[in-house]
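J.: Sharing a structure below in structure tokens format, with a few things to ask.
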Amino acid sequence: MYRLKGTEEKPMRYIERMRRQRPHVKTILVLIILAAMAGCTRQSREAAAPGKPEKALPAEGNRGGTLHLAGREDLRSLDPAVEYNVLSNVFMRVLYNGLVDYDDGTEIVPDIAEKWEVGPDGKSYRFTLKKGVKFLNGREVTAEDVRYTFERVLDPKTMSPGSRYYQCLEGAEDFVKGKAAHVSGIEVEGPYQLTFKLKAPVPYFLNLLAMNFGFVVPKEEVARYGKNFGRHPHGTGPFKLEEWVPGQRIVLARNPAYFRPEWPKADQIEYLPEVQASLAVMKLERGELDMFDGLPSADYVRLSRDPAWKGRLVSAAAASTIFLQLNCEMAPFTRLKVRQALAYAVDRDRIIQLLNGRGQAARGMLPPSVPGYNENLKGYPFDPGKAKSLLKEAGYPDGIDIEIWTLSDEATVKTYQAVQSDLTRAGIRAKIKPVTFNALLDATGRPGQVAIYGSGWTQDFPDPMNFLEVNFHSRQIAPVDSNNRSYYRSREVDALLDKAARMPSGPERWAVYRQVEEKIVADAPCVFLYHPITVTALNPRVKGYRYHPVWIARYDRIAVQ
């Protein structure tokens, strides 16, 4: 997600842009049955009380004030069906609501929905909506609005990157092809009731509903603004858009009609785009910014040693992994021992030192916060001697020459120059090829174009499938915009992933994913480097900030005083 946007954390921004601006066709084909379905005839989940937040974070600080933010990127759109990157998602989270949401952790709780029931076969979800939830135009939200929202995402004319997430609905294919006026798997049963019917039991279906694509929008306002709806967001959230001057600032104001009157805490949010990290730090220290999570290395070290900033630098482990991606269909990485040699040749601890400790060495793909994380996974220790031996066994006694593609910003290049130095000790002569984001994205998505490049992945939702299935199943390989960019193929891994996709969440399923990860690590289609740690610097005025494992920040819960 947006994670550390400063110069020292550009790899995280790369993850987001690569994986979220262009979601791929097969990313979400494999779905997993929720544990709640297993062995139950019917389940329901109800809100604590209509109009009250479920498991809400404690309300800290007085109400009022403006939350001042800044970052290097500008917002492009606030249309939840169209835009999908972390910066936009964090803002859309306070402009809209969906049927369900996350609590202060990763548990799904009601949002616009008052309750839901899961059918005995795990293929139907019947929702009852809260009454009195209103759009900004004053009209009450109904079940028809929910159906319209998902059909809009599925409509090819919308060109939504989220359309594939809901192909699991009955009748979705006919609707997409224009053979049906509505998706038969979305049944409206009254103004406040509707049922989703699925082709098969779905994994994390509720998590898919919690994504921004499921944020409910009013048909009449979408029709009014057309393609410009993203510049005129119209939802039900705690804030509404007050002002937007592209390249200069965006201002959100409190929505007085929000159905949870205790939120938001601040009266306004002001975001300044295109602000370089050095300027942002100056503004933060002068009290002109309230939060910033892109501290350059030197500033991070300086502030962390300054007693005045004690307790004002909040660290949190991101659900992300940074790695070198190796193309298993291109020489010399067609040979297992060559791939393993690279894995042994990199000193991950030195990378963490370059990050000033803002990372954890990665032994595999799954970050520690993701279910199924294997703390006993061995990975590859730094051993240049072993790397040399493996290269010799692979037929390269004199080493190899490679070219590592990476983004061209200074911090990313600096990271991979450290990797380059490590590889030299193992007889691997590496050149760094800095390229633009679009060039990297386009080339690595096509087979046979790039042999090795700097990559990474951040969760869409907290499940091992979202890391392992998406990146390593052979059916994720495509001629253009391939999601499996290692072009890695393993019948054993495919079979295990397919098995896990049919299992309910829980220890037995996590055990299967551990087998998958162990096999992937052994086959070394990637050199796993580190899991980032975000650091957010706070103005003393800020009260109630907590890092959220999915939404990163929940601006409606933050007070400024």
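J.: Only one residue in ALA418, ALA387, ALA411 is of a type in the set (A, V, I, L, M) and without any contact (Cβ under 8 Å) to a residue 60 or more places away in the chain, so which one is that?
T.: Testing whether each residue is of a type in the set (A, V, I, L, M) and without any contact (Cβ under 8 Å) to a residue 60 or more places away in the chain leaves just ALA387.
J.: Name the residues in region 499-509 that are part of a helix (DSSP H, G or I) and touching a helix residue (DSSP H, G or I) at 6+ places or on another chain (Cβ under 9 Å), would you?
T.: Of the residues in region 499-509, the ones part of a helix (DSSP H, G or I) are 499-501, 507-509.
Of everything in region 499-509, those that are part of a helix (DSSP H, G or I) and touching a helix residue (DSSP H, G or I) at 6+ places or on another chain (Cβ under 9 Å) turn out to be LYS499, ALA500, ALA501, ARG509.
J.: With the structure loaded, tell me whether LEU169 is under 22 Å from the mean Cα position of the chain (by Cα) and not β-branched (Val, Ile, Thr) or whether it fails that test.
T.: Details: under 22 Å from the mean Cα position of the chain (by Cα): no; not β-branched (Val, Ile, Thr): yes.
No.
J.: Collect the residues in region 474-498 that are assigned to a loop (DSSP other than H, G, I, E, B) and not basic (Lys, Arg), keeping them in residue-number order.
T.: Step one: of region 474-498, the residues assigned to a loop (DSSP other than H, G, I, E, B) are 477-490.
Correct list: ILE477, ALA478, PRO479, VAL480, ASP481, SER482, ASN483, ASN484, SER486, TYR487, TYR488, SER490.
J.: Considering only residues that are within 27 Å of the chain's Cα centre (by Cα) and among the hydroxyl-bearing types (Ser, Thr, Tyr), look in region 107-137 and name the one that is farthest from ALA200 (Cα to Cα).
T.: Out of the qualifying residues, it is TYR125.
J.: Do you know which residues across region 341-374 are part of a loop (DSSP other than H, G, I, E, B) and modelled with pLDDT under 95? Reasoning before the result, please.
T.: In the first step, residues of region 341-374 are kept if they are part of a loop (DSSP other than H, G, I, E, B); the result is 346-347, 355-358, 362-374.
Selection gives LEU355, ASN356, GLY357, ARG358, PRO368, SER369, VAL370, PRO371, GLY372.
J.: Going residue by residue through region 186-207, is there one that turns out to be outside any loop (DSSP other than H, G, I, E, B), among the polar types (S, T, N, Q), touching an Asp or Glu at 6+ places or on another chain (Cβ under 8 Å) and closer than 18 Å to ASN97 by Cβ?
T.: Start the filter on region 186-207 by keeping residues that are outside any loop (DSSP other than H, G, I, E, B), which leaves 186-190, 193-198, 203, 205-207.
Subset that is among the polar types (S, T, N, Q): 193, 195, 207.
Checking which are touching an Asp or Glu at 6+ places or on another chain (Cβ under 8 Å) leaves us with 195, 207.
The next check asks that each one be closer than 18 Å to ASN97 by Cβ; those that pass are 207.
Taking every residue of region 186-207 in turn, at least one turns out to be outside any loop (DSSP other than H, G, I, E, B), among the polar types (S, T, N, Q), touching an Asp or Glu at 6+ places or on another chain (Cβ under 8 Å) and closer than 18 Å to ASN97 by Cβ.
J.: When both residues are 6+ apart or on different chains and their Cβ atoms are under 6 Å apart, which pairs have a first residue that lies in region 527-547 and is at positive phi, and a second that is in a strand (DSSP E or B) and surrounded by fewer than 24 Cβ atoms within 10 Å (Cβ to Cβ)?
T.: GLY544/ALA559
J.: When you scan region 232-261, how many residues do you find that are without any contact (Cβ under 8 Å) to a residue 12 or more places away in the chain, among the hydrophobic types (A, V, I, L, M, F, W, C) and part of a loop (DSSP other than H, G, I, E, B)? I'd like the intermediate steps shown before the answer.
T.: So in region 232-261, the residues without any contact (Cβ under 8 Å) to a residue 12 or more places away in the chain come out as 232, 243, 245, 256.
From the residues that got through so far, the ones that are among the hydrophobic types (A, V, I, L, M, F, W, C) too are 245.
When the remaining residues are screened for being part of a loop (DSSP other than H, G, I, E, B), the result is none.
Matching residues across region 232-261 total 0.
J.: Follow-up. Take VAL216 and tell me if it is touching an Asp or Glu at 6+ places or on another chain (Cβ under 8 Å) and either assigned to a loop (DSSP other than H, G, I, E, B) or closer than 28 Å to PHE91 by Cβ (or both).
T.: On the way: touching an Asp or Glu at 6+ places or on another chain (Cβ under 8 Å): yes; either assigned to a loop (DSSP other than H, G, I, E, B) or closer than 28 Å to PHE91 by Cβ (or both): yes.
Answer is yes for this residue.
J.: To continue, here is another question. How many residues does region 375-391 contain that are part of a loop (DSSP other than H, G, I, E, B), under 17 Å from LEU324 (Cβ atoms) and of a type outside the set (Asp, Glu)?
T.: Filtering region 375-391 for residues part of a loop (DSSP other than H, G, I, E, B) gives 375-383.
Next, only the ones that are under 17 Å from LEU324 (Cβ atoms) stay: 379-383.
If we keep only those that are of a type outside the set (Asp, Glu) too, we end up with 379-382.
Number satisfying all stated conditions: 4.
J.: Go through region 481-498 and report how many residues are among the basic types (Lys, Arg) and in contact with a helix residue (DSSP H, G or I) (Cβ under 6 Å, 6 or more places away or on another chain).
T.: Residues of region 481-498 among the basic types (Lys, Arg): 485, 489, 491.
Those still in the list that are in contact with a helix residue (DSSP H, G or I) (Cβ under 6 Å, 6 or more places away or on another chain) too: 485, 489.
Total meeting the criteria: 2.
J.: Also, I was wondering about something else. Report, by residue number, each residue of region 167-198 that is of a type outside the set (Gly, Ala, Ser), farther than 19 Å from GLU117 by Cα and touching a helix residue (DSSP H, G or I) at 6+ places or on another chain (Cβ under 8 Å).
T.: Going residue by residue through region 167-198, those that are of a type outside the set (Gly, Ala, Ser) are 167-170, 173-177, 179, 182-183, 186-189, 191-198.
Now drop any that are not farther than 19 Å from GLU117 by Cα, which leaves 167, 173-177, 179, 182-183.
Answer for region 167-198, where residues must be of a type outside the set (Gly, Ala, Ser), farther than 19 Å from GLU117 by Cα and touching a helix residue (DSSP H, G or I) at 6+ places or on another chain (Cβ under 8 Å): GLN167, PHE175, VAL176, HIS182, VAL183.
J.: Report, by residue number, each residue of region 441-464 that is assigned to a helix (DSSP H, G or I), crowded, with 18+ Cβ neighbours inside 10 Å and out of contact with any strand residue (DSSP E or B) (no Cβ under 6 Å at 6 or more places or on another chain). Please lay out each step first, then the result.
T.: Let us first name the residues in region 441-464 that are assigned to a helix (DSSP H, G or I), namely 441-444.
Checking which are crowded, with 18+ Cβ neighbours inside 10 Å leaves us with 441, 444.
Across region 441-464, the qualifying residue is only LEU441.
J.: Out of the residues in region 294-340 that are polar (S, T, N, Q) and not in a helix (DSSP H, G or I), which is surrounded by the fewest Cβ atoms within 10 Å (Cβ to Cβ)? Give the steps one after another, and end with the answer.
T.: Restricting attention to region 294-340, the residues satisfying the condition of being polar (S, T, N, Q) are 297, 304, 315, 320-321, 325, 327, 334, 340.
From what's left, not in a helix (DSSP H, G or I): 315, 320-321, 325, 327, 334.
Working: SER315: 12, SER320: 26, THR321: 26, GLN325: 25, ASN327: 21, THR334: 15.
Among residues in region 294-340 that are polar (S, T, N, Q) and not in a helix (DSSP H, G or I), the one surrounded by the fewest Cβ atoms within 10 Å (Cβ to Cβ) is SER315.
J.: Can you tell me which of PHE215, PHE196 is buried (at least 20 other Cβ atoms within 10 Å of the Cβ), modelled with pLDDT of 95 or more and within 21 Å of ASN137 (Cα to Cα)?
T.: Details: PHE196 fails: within 21 Å of ASN137 (Cα to Cα).
Checking each option against the conditions leaves just PHE215.
J.: Checking the structure you have, find out if any residue of region 138-145 is assigned to a strand (DSSP E or B), at pLDDT 95 or above, under 25 Å from the mean Cα position of the chain (by Cα) and not polar (S, T, N, Q). Break it down stepwise before answering.
T.: So the first thing to find is which residues in region 138-145 are assigned to a strand (DSSP E or B), and the list is 140.
Then keep just the ones that are at pLDDT 95 or above; that gives 140.
Filter once more, so that each one left must be under 25 Å from the mean Cα position of the chain (by Cα): none.
No - not one qualifying residue is present in region 138-145.
J.: Now for a separate question. Tally up the residues in region 466-482 that are modelled with pLDDT of 90 or more, β-branched (Val, Ile, Thr) and surrounded by fewer than 17 Cβ atoms within 10 Å (Cβ to Cβ), please.
T.: Result for region 466-482: 0.
J.: OK, next. Can we say LEU529 is at pLDDT 95 or above and closer than 30 Å to GLN420 by Cβ? Spell out how you get there, then give the answer.
T.: Details: at pLDDT 95 or above: yes; closer than 30 Å to GLN420 by Cβ: yes.
It is true that LEU529 is at pLDDT 95 or above and closer than 30 Å to GLN420 by Cβ.
The values are calculated or read from the model by the stated rules, or taken from the named source; none is laboratory data. Owing to the predicted nature of the structure, the values given are computational and were not obtained by experimental measurement. Glycine also receives a Cβ, built like all others from the backbone with ideal geometry; neighbour counts cover every protein chain displayed.
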